[in-house]
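Here's the structure we're looking at; comments come further down.
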Amino acid sequence: MDEDKKLVFETLRAEIQEGVAVLTVDRPSALNSLNSKVLEEMDRCLEALAQDRRVAALVITGRGGRAFVAGADISEMAAMTEKQAREFSDLGQRVFARLRWFQGPVIAAVNGYALGGGNELAMACDVRIAAQNARFGQPEVGLGITPGFGGTQILPRLVGPVFALELIMTGRVIDAQEAFRVGLVHKVVPEGEALKESLELAREITWGKSRFAVAQAKKAVWEGLSRSFQDGLFLEQRLFGECFRHPDQEEGMEAFLEKRKPDFWRYR
């Protein structure tokens, strides 16, 4: 891979290949836990990837087999004041929001523990592929705190308020199969296969679908969740209409009528 297709930071790294960026949290000795430095570097990395026209999809994972991200760094949080805790929460929420507004699909390849901030990071992604050894949970109440990176808002939207409250109030950790059963993850694969499966899905979307249409659909879903149902329908109308002034719509429909595969990359 060319050197200009790599982004290297102290706590994470990113590689770009065939239109897909892989962002790896690289603190295996700390189970890839999130501290301020990780979040600040992730913020800069995501900004760079969002501006890179080569990047049509993003996969996020953690280095090593033990943890995706085991949570926020308790050694840093232990001495925080109320003001510092709010600022830390704001930083995490802002960084994770970048994933929701990233134009292409964002896929979490979850290997090992995804707890607290790690589960919140995975939930900020569009799709979650879990290895058989993956474990999920929001155990913050056992530390005398609440989830702070969006967990109280996103988890109920994914699994429903009843199950979300039970997980948050008990701090219970669930395995990959239970996470799949309740709708927290999309697919469970053998241990060691989550990244491979995530890359295959990312490339399927990147090379087989309209990049513009995928971005419009993603915007409709994420933005629609914060609106009323009727306002969400109006948003869908607008984004649907915008597709008809983009060349991907003409190429996609012509290809269908001509019984061939569309070549959306000709317009990129």
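Within the range 48-79, the set of residues being farther than 19 Å from E10 by Cα and touching a Lys or Arg at 6+ places or on another chain (Cβ under 9 Å) comprises A50, R53, R54, A56, A57. Set side by side, the residues L121, L143, L99 differ, and just one is of a type outside the set (G, A, S) and in contact with a Phe, Trp or Tyr (Cβ under 9 Å, 6 or more places away or on another chain), which is L121.
Residues in the range 54-87 that are among the polar types (S, T, N, Q) and out of contact with any Leu (no Cβ under 9 Å at 6 or more places or on another chain): S75, T81, Q84. Among the residues of the range 88-95, are any farther than 21 Å from S36 by Cα and of a type outside the set (S, T, N, Q)? No, the range 88-95 has no match at all. In the range 72-87, the count of residues that are closer than 14 Å to M42 by Cβ and either of a type in the set (V, I, T) or in contact with a helix residue (DSSP H, G or I) (Cβ under 6 Å, 6 or more places away or on another chain) (or both) is one or more.
R268 meets the conditions (1) modelled with pLDDT under 95; (2) under 20 Å from Q103 (Cβ atoms); (3) basic (K, R); (4) open to solvent by 100 Å² or more (accessible area, probe 1.4 Å) in every case but one. The failed one is (4). Of all residues in the range 74-93, none satisfies the criterion of being surrounded by 21 or more Cβ atoms within 10 Å (Cβ to Cβ) and part of a loop (DSSP other than H, G, I, E, B). Could you tell me which residue of the range 11-24 is least open to solvent (accessible area, probe 1.4 Å), considering only residues that are over 19 Å from F88 (Cα atoms) and part of a loop (DSSP other than H, G, I, E, B)? For the range 11-24, the residue satisfying everything is G19.
The test for being touching a strand residue (DSSP E or B) at 6+ places or on another chain (Cβ under 7 Å) and surrounded by fewer than 18 Cβ atoms within 10 Å (Cβ to Cβ) does not hold for K259. Looking at L58, L39, L99, L46, just one residue is in contact (Cβ under 8 Å) with a residue 40 or more places away in the chain and in a strand (DSSP E or B), and that residue is L58.
Given the criteria assigned to a helix (DSSP H, G or I) and of a type in the set (D, E, K, R), does K259 qualify? In short, no. Is the range 107-120 home to any residue that is over 26 Å from I145 (Cα atoms), among the β-branched types (V, I, T), touching a strand residue (DSSP E or B) at 6+ places or on another chain (Cβ under 7 Å) and crowded, with 22+ Cβ neighbours inside 10 Å? The answer is yes, given that some residue of the range 107-120 is over 26 Å from I145 (Cα atoms), among the β-branched types (V, I, T), touching a strand residue (DSSP E or B) at 6+ places or on another chain (Cβ under 7 Å) and crowded, with 22+ Cβ neighbours inside 10 Å. Taking G151, is it of a type outside the set (S, T, Y) and surrounded by 15 or more Cβ atoms within 10 Å (Cβ to Cβ)? Yes, satisfied. In the set G232, G252, only one residue is open to solvent by less than 50 Å² (accessible area, probe 1.4 Å), in a helix (DSSP H, G or I) and under 18 Å from R100 (Cα atoms); that residue is G232. If you check R27, R100, R54 for being within 16 Å of the chain's Cα centre (by Cα), open to solvent by 10 Å² or more (accessible area, probe 1.4 Å) and among the basic types (K, R), only one passes: R100.
Counting only strands (runs of 3 or more DSSP E) that sit completely within the range 113-209, those holding 2 or more residues that are under 15 Å from the mean Cα position of the chain (by Cα) and either under 24 Å from V22 (Cα atoms) or free of Cβ contacts under 8 Å to residues at least 24 places away in the same chain (or both) correspond to 113-115, 127-131. Checked against the criterion of being open to solvent by less than 80 Å² (accessible area, probe 1.4 Å), at pLDDT 95 or above and within 24 Å of N35 (Cα to Cα), the candidates G142, G160 yield just one match: G142.
The values are calculated or read from the model by the stated rules, or taken from the named source; none is laboratory data. The structure presented is a predicted model; accordingly, all values stated were derived computationally and were not measured. Cβ coordinates were reconstructed from backbone atoms using ideal geometry, including for glycine residues, and neighbour counts include every protein chain displayed. Ligands, DNA and RNA are stripped out before the accessible areas are found, and what is left, the full protein with its side chains, is counted by its heavy atoms. Shrake-Rupley method; radii C 1.70, N 1.55, O 1.52, S 1.80 Å.
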